[in-house]
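Q: For reference, the structure I am asking about is given below.
The values are calculated or read from the model by the stated rules, or taken from the named source; none is laboratory data. Just so it is clear, the model here is predicted, and its values are computed rather than measured. Positions of Cβ are backbone-derived with ideal geometry, glycine not excepted, and every protein chain shown enters the neighbour counts. All accessible areas refer to the heavy atoms of the entire protein, side chains included, with ligands and DNA or RNA removed. Shrake-Rupley method; radii C 1.70, N 1.55, O 1.52, S 1.80 Å.
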Amino acid sequence: MKLLTSAEMRELEGRAESAGVSTDTLMENAGLAVAQEIWMQLGSLEDRRIAVMVGPGNNGGDGLVAARHLFEWGAQVRVYAVRERTDPQWNQTVEMGVPCGTVSEDDNFEALEALLSGAEAIVDALLGTGSSRPIEGDLADIMVRLAAVRSRTVKPKLVAVDLPTGLDADSGRLDPLTVAADETVTFHAPKVGLYMQPGAAAAGSVQQVEIGIPPGLDEDLQTEVLERRAAKALLPDRPANAHKGTFGRVLLIAGSDRYPGAAVLAARGAYRAGAGLVTIATPQSIAQQMVAAVPEATLLPLPEYDQGVISGFAAWEMVRDELPGVDAVVIGCGFGRHEHSGKFVREFLIAPEVGAVQGIVVDADGLNLLAKDISALPNAAAPVVLTPHPGEMGTLTGLSTDDVQQQRLTLARDRASDWNCHLVLKGANTVVATPDNRARVSEVAQPALATAGTGDVLSGAIGALIAQGLTPFDAATLGVYLHGDAGNRAARVHGTIGVTAGDVADQLAMASRSLAGEEPVESPSLGGFGMGGGGDMGSLGQLGGAGGLGGGLEGLLGGPQ
């Protein structure tokens, strides 16, 4: 499934217009889809009280179309607009007899408060993809009152049209006045911000609907949601006549006196993701610790400069001799930040002997060491996958963690291009980006994964998938999917608080098993959209009255106030 930026959505609408599908047709289809979604969730619409909040743009037009259909199907619909509109959508809504009112007619927002208090469902059609401005003025007053109603114990359900008002379509940033929705009905394809935090958390259940954009017009758009079906297609074959060499050899250059466990976790991640053979290259003083922890792995003890710190040149000579027959390398997990280690990482990337491997995964301290001199990266001898968390991405780019989080997709894409590498920006809704501007975004935002060592497990898994013959992009994609599913599984077993990286590593195999169809797939919980009574309508009284063609607040509220 594609993800769209606001600019890409405008481009698609323009392409549709050129293909003979007018903006009015798209709007009619969008509004109908919103109304149908509400109908499917509510069941019967007869006399259900629905407030439609309308802004000045096309998003508001979508809301007006939805209001007309819901009214026609028997719901008690009332439209409240930031300001009166003069377009055909507004005129048709008024002419149909749908009660419509505006801020200019509502002293102190008393009618709005009564309308929201009595509604069973509210449609947020105030701002859509075309707006990134701060919420202020009358719109701010409306959002404050919407938030107050939604904070009640018994509250109306809130359905957002394309995006919740105040959610940035491209980054997921939220205006402080954004009110989280129960459901977002998004058109043609979800917007990027719906899969970026904190926007994803404010969107509720995201329902994608088609609005008549001809197929194929978005084929050149290169951002996708990382879905189960796509991940399943990437699983490496496991032929019955295989041997351990069939599934590749991973060399882990990892660990230090302080962080020996990082190498262990990466090795467990690699094996659980299907690697045939894993070799751990680690400082010789800690090498024997690995035997009991990962008895399946072979060891390459490396000479040391100091306790637990490799000696750069001597270590390289041993690793170089080991490279023939290695399919993928994972470097940096728990490596420490000594300058000898840093020189090793940077020289390793550009060494001609490394060019025979299918890919190099750089993680953790490897990233921090690389940040001191990034110049080797674009000239790496083999394809490189970087796997930074937001803090490490900040170190690599010189940005604050907050700045990284506010531009995750854009930043990952730009740096993957600049550095000629594949980039996995970890965190909630992990982003995988390529040097040629493709990107995939994970659906998973699992707090159980926010614990030490889970990144080492992911690096090992990606290395294992490269060793099994996947391209770096596909290996990173599948690794992120399996890692996220493993985190979800571990959380179900242990709870989100008690999960450890080892638990995630253990669940990787179960995630692969499920994806391969070797166990029943659990049915996802769709959640409820119960539209039970939303409280007394108070001063709305005769809300069912048509209120006359002109609408106004008397029509909106069913009579004089």
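Q: Pick out the one residue from 281, 314, 297 that is open to solvent by less than 40 Å² (accessible area, probe 1.4 Å) and more than 23 Å from residue 505 (Cβ to Cβ).
A: Answer to the check: 314.
Q: Condition first: hydroxyl-bearing (Ser, Thr, Tyr) and in contact with a helix residue (DSSP H, G or I) (Cβ under 8 Å, 6 or more places away or on another chain). Can you find one or more residues in the stretch 413-435 that meet it?
A: Checking the stretch 413-435: at least one residue is hydroxyl-bearing (Ser, Thr, Tyr) and in contact with a helix residue (DSSP H, G or I) (Cβ under 8 Å, 6 or more places away or on another chain).
Q: Being of a type in the set (Val, Ile, Thr) and open to solvent by 50 Å² or more (accessible area, probe 1.4 Å) is the filter here, so list the residues in the stretch 284-294 that pass it.
A: 291
Q: Find the residue count for the stretch 64-97, including only residues that are aliphatic (A, V, I, L, M), farther than 19 Å from residue 29 by Cβ and over 36 Å from the mean Cα position of the chain (by Cα).
A: 1
Q: Does residue 266 count as part of a loop (DSSP other than H, G, I, E, B), closer than 24 Å to residue 440 by Cβ, touching a Leu at 6+ places or on another chain (Cβ under 9 Å) and modelled with pLDDT of 95 or more?
A: Details: part of a loop (DSSP other than H, G, I, E, B): no; closer than 24 Å to residue 440 by Cβ: yes; touching a Leu at 6+ places or on another chain (Cβ under 9 Å): yes; modelled with pLDDT of 95 or more: yes.
No: the conditions fail for residue 266.
Q: Take the stretch 1-26 and flag every residue that is of a type in the set (Ser, Thr, Tyr), in a loop (DSSP other than H, G, I, E, B) and either open to solvent by 40 Å² or more (accessible area, probe 1.4 Å) or free of Cβ contacts under 8 Å to residues at least 60 places away in the same chain (or both).
A: Taking the stretch 1-26 and keeping what is of a type in the set (Ser, Thr, Tyr), we get 5-6, 18, 22-23, 25.
If we keep only those that are in a loop (DSSP other than H, G, I, E, B) as well, we get 5, 22.
22, the sole residue that qualifies.
Q: Continuing with this model, one more query. Residue under question is residue 374, and the condition is that it be under 22 Å from residue 328 (Cα atoms) and open to solvent by 10 Å² or more (accessible area, probe 1.4 Å); does it hold? First the steps, then the outcome.
A: Working: under 22 Å from residue 328 (Cα atoms): yes; open to solvent by 10 Å² or more (accessible area, probe 1.4 Å): yes.
Yes; evaluated as a whole, the condition is true for this residue.
Q: Which of the residues belonging to the stretch 284-299 are among the aliphatic types (A, V, I, L, M), within 18 Å of residue 271 (Cα to Cα) and in contact (Cβ under 8 Å) with a residue 24 or more places away in the chain?
A: 290, 293, 294, 297
Q: Let me ask something additional. Look through the stretch 169-189, keep the residues that are among the hydroxyl-bearing types (Ser, Thr, Tyr) and assigned to a loop (DSSP other than H, G, I, E, B), and return whichever of them is farthest from residue 158 (Cα to Cα).
A: For the stretch 169-189, the residue satisfying everything is 171.
Q: Go through the stretch 377-408 and give me each residue that's aliphatic (A, V, I, L, M) and either in a helix (DSSP H, G or I) or open to solvent by 60 Å² or more (accessible area, probe 1.4 Å) (or both).
A: 377, 393, 396, 404
Q: Quick one: in the stretch 474-522, of everything that is in a loop (DSSP other than H, G, I, E, B) and not β-branched (Val, Ile, Thr), which residue is surrounded by the fewest Cβ atoms within 10 Å (Cβ to Cβ)?
A: 520
Q: Aliphatic (A, V, I, L, M), part of a helix (DSSP H, G or I) and open to solvent by less than 10 Å² (accessible area, probe 1.4 Å): does that describe residue 45?
A: Judged against the criteria, residue 45 is not a match.
Q: Hey, another quick one. Among the residues of the stretch 476-485, is there at least one that is among the aromatic types (Phe, Trp, Tyr) and in contact with a helix residue (DSSP H, G or I) (Cβ under 8 Å, 6 or more places away or on another chain)?
A: yes
Q: List the strands (runs of 3 or more DSSP E) that sit entirely inside the stretch 409-469 and contain at least 2 residues that are closer than 22 Å to residue 379 by Cβ.
A: 422-425
Q: Do you know which residues across the stretch 242-258 are surrounded by fewer than 22 Cβ atoms within 10 Å (Cβ to Cβ) and assigned to a loop (DSSP other than H, G, I, E, B)?
A: Selection gives 242, 243, 257, 258.
Q: Let me ask something else. May I ask you to list the residues in the stretch 158-201 that are crowded, with 22+ Cβ neighbours inside 10 Å and closer than 17 Å to residue 442 by Cα?
A: 169, 172, 189, 190, 191, 192, 193, 194, 195, 196, 199
Q: Can you tell me which residue in the stretch 130-164 is farthest from residue 202 (Cα to Cα), limited to those that are modelled with pLDDT under 95 and in contact with a strand residue (DSSP E or B) (Cβ under 6 Å, 6 or more places away or on another chain)?
A: 156
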